[in-house]
1. Tell me, please, whether a residue that is farther than 21 Å from Pro189 by Cβ and surrounded by fewer than 22 Cβ atoms within 10 Å (Cβ to Cβ) can be found in region 305-313.
2. Report, by residue number, each residue of region 77-123 that is of a type in the set (S, T, N, Q) and either more than 16 Å from ligand 1 (Cβ to nearest atom) or under 19 Å from Phe256 (Cβ atoms) (or both).
3. Given the options Ser344, Ser361, Ser351, name the one that is under 28 Å from Val233 (Cα atoms), touching a Gly at 6+ places or on another chain (Cβ under 8 Å), buried (at least 16 other Cβ atoms within 10 Å of the Cβ) and of a type in the set (S, T, N, Q).
4. Can you tell me which of Lys182, Lys175, Lys167 is assigned to a strand (DSSP E or B), away from ligand 2 (no atom under 16 Å from the Cβ), more than 27 Å from Arg262 (Cα to Cα) and not hydrophobic (A, V, I, L, M, F, W, C)?
5. For region 218-254, give me each residue that is away from ligand 1 (no atom under 15 Å from the Cβ) and of a type in the set (D, E, K, R).
6. Which of the residues belonging to region 29-51 are under 16 Å from Ala375 (Cα atoms) and either within 15 Å of ligand 1 (Cβ to nearest atom) or under 14 Å from the mean Cα position of the chain (by Cα) (or both)?
7. Filter region 255-274 for residues that are farther than 17 Å from Ser94 by Cβ and either in contact with a strand residue (DSSP E or B) (Cβ under 6 Å, 6 or more places away or on another chain) or away from ligand 1 (no atom under 12 Å from the Cβ) (or both) and give the result.
8. Kindly list, by first and then second residue, each pair from a residue in region 281-299 that is in contact (Cβ under 8 Å) with a residue 60 or more places away in the chain to a residue that is among the aromatic types (Phe, Trp, Tyr) and surrounded by 17 or more Cβ atoms within 10 Å (Cβ to Cβ), limited to pairs with Cβ atoms under 7 Å and residues at least 6 apart or on different chains.
Amino acid sequence: MDWEVYDLVFFYGFRPMKPLSSRALAISPSPTVAMDARYKELLLRGMPVLSLGAGEPDLSMPAAGIDAAIDALREGRTRYSHMAGLPDLRVALSRKFSEENHIAYAPEEILVTSGAKQAVFTALLALLDPGDEVVIPSPYWVTYPEAVRLIGGIPVIAQTRFENGFKLTPEELRKAITPKSKLLILNSPCNPTGAVYSRAELEALAAVIVEKDLYVLSDEIYEHILFGDTQVVSLAALSPAMRERTATVNGFSKAFAMQGLRLGYIGAPASWAKAMIATQSHAAHHPSTISQYAALGCLNASKEILPAIKPHYQKTRDYTLSRLKKIPGVAWNDPQGAFYVFLSVQALLPSRVGTRKIEGSLALAEYLLEKHNLATVPGIGFGCEGYLRLSFANALADLEKALDRLEQGLRALTPG
Ligand code: PMP
Ligand code: GLU
């Protein structure tokens, strides 16, 4: 180290600096993303790890999307797009919302974003003032409460019950509402529980939502990953009153397996959409133009692409459930959609393996990774201690080995 650098380290190392933002200091990295980073780092180091961790499709991105992206690159369509997204893509998404979800969002009411995660952030930024409360049913996708906190809002967690399939009831919603409540975040099909709300269940919630004058962020990103004869219903399609207060989030990371291309979108009533578009124009300008062409290619071929999705995940889901049935001490609700099982390990905790004490889900996930080379996500990240989230978006051969490891790992636990 030369003296100049040494002086600098010395100088800055000992001078008390002003703290970083209290909002940023109050949150931790996403546990799903952090577990994925650890898993991928271990893979790079040559470790024989397998993952039931982060939820990313094992299917490949459709050829129609790849061709559209390559054509756009070759033809030099690499300039800035409109701040809300390519006009053709917004028209195609407006048609998609109308045909698949029965929601009339005009192209001007649609914002294309860098992933659905960015859509959630932008919707919150455009809606919330500091101190506004947001009702979030638990178990929740890890990002919702942290995103609300980062923006200065207050997450109010509405605990749902295992016995009720982890679906929010009108009574549970009412209990969470205060005069400061502004928004409800609902996710169906749900990450991490796989719960899908029926029309009747949504109508019962909608009655409370309208009565209490709440906005809703309806995250429908898993809408095409459904099991048996389960159907999804979009909240905004229930009535004109729901359409006027609901922003519908979706994206290309799940059904179209384009997760690395980071493309999401959101439809919302005009004034909310306008505020989101202005927000994005400063925060990101727009998502990658090439990813937008890829998305357009996928949408144009969606009638050929989508029918293959369901049978693939139905197979990996059924296989996973058949294996879990052989493991003593675990319980779950059969997922109706998405590609996760939210596995109760409450009966196995606290426990020991040799001298190692395993108190909670975090310690259990650590143990499975260290001793059995298996990545899972601890339930605590989703607001529920005593659970592990397993993603079955995997090739069957990998799933078989991963579930062998899970079974060995859990069978090795002794009470205490
Ligand atoms: N919503 C839910 C419920 C999710 O599980 C995810 C996971 N990626 C997202 C939104 C964000 O997806 P992306 O940013 O990859 O579009
Ligand atoms: N949504 C996926 C998951 O829950 C990917 C990681 C993330 O964005 O949280 O695992």
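1. Taking every residue of region 305-313 in turn, none turns out to be farther than 21 Å from Pro189 by Cβ and surrounded by fewer than 22 Cβ atoms within 10 Å (Cβ to Cβ).
2. Thr78, Ser81, Ser94, Ser98, Asn101, Thr113, Ser114, Gln118
3. Criteria check complete, one pass: Ser344.
4. Going through Lys182, Lys175, Lys167 in turn, just one is assigned to a strand (DSSP E or B), away from ligand 2 (no atom under 16 Å from the Cβ), more than 27 Å from Arg262 (Cα to Cα) and not hydrophobic (A, V, I, L, M, F, W, C): Lys182.
5. Asp229, Arg243, Glu244, Arg245
6. Ser30, Pro31, Thr32, Val33, Ala34, Met35, Asp36, Ala37, Ser51
7. The one that is farther than 17 Å from Ser94 by Cβ and either in contact with a strand residue (DSSP E or B) (Cβ under 6 Å, 6 or more places away or on another chain) or away from ligand 1 (no atom under 12 Å from the Cβ) (or both): Ser271.
8. Ala295/Phe252; Cys298/Phe252; Cys298/Phe256
Readers should treat all values here as calculations from the given coordinates under stated rules, not as data from a laboratory. Nothing here was measured: the structure is a model prediction, and the numbers come from that model. All Cβ positions, glycine included, derive from the backbone under ideal geometry; neighbour counts span all protein chains shown.
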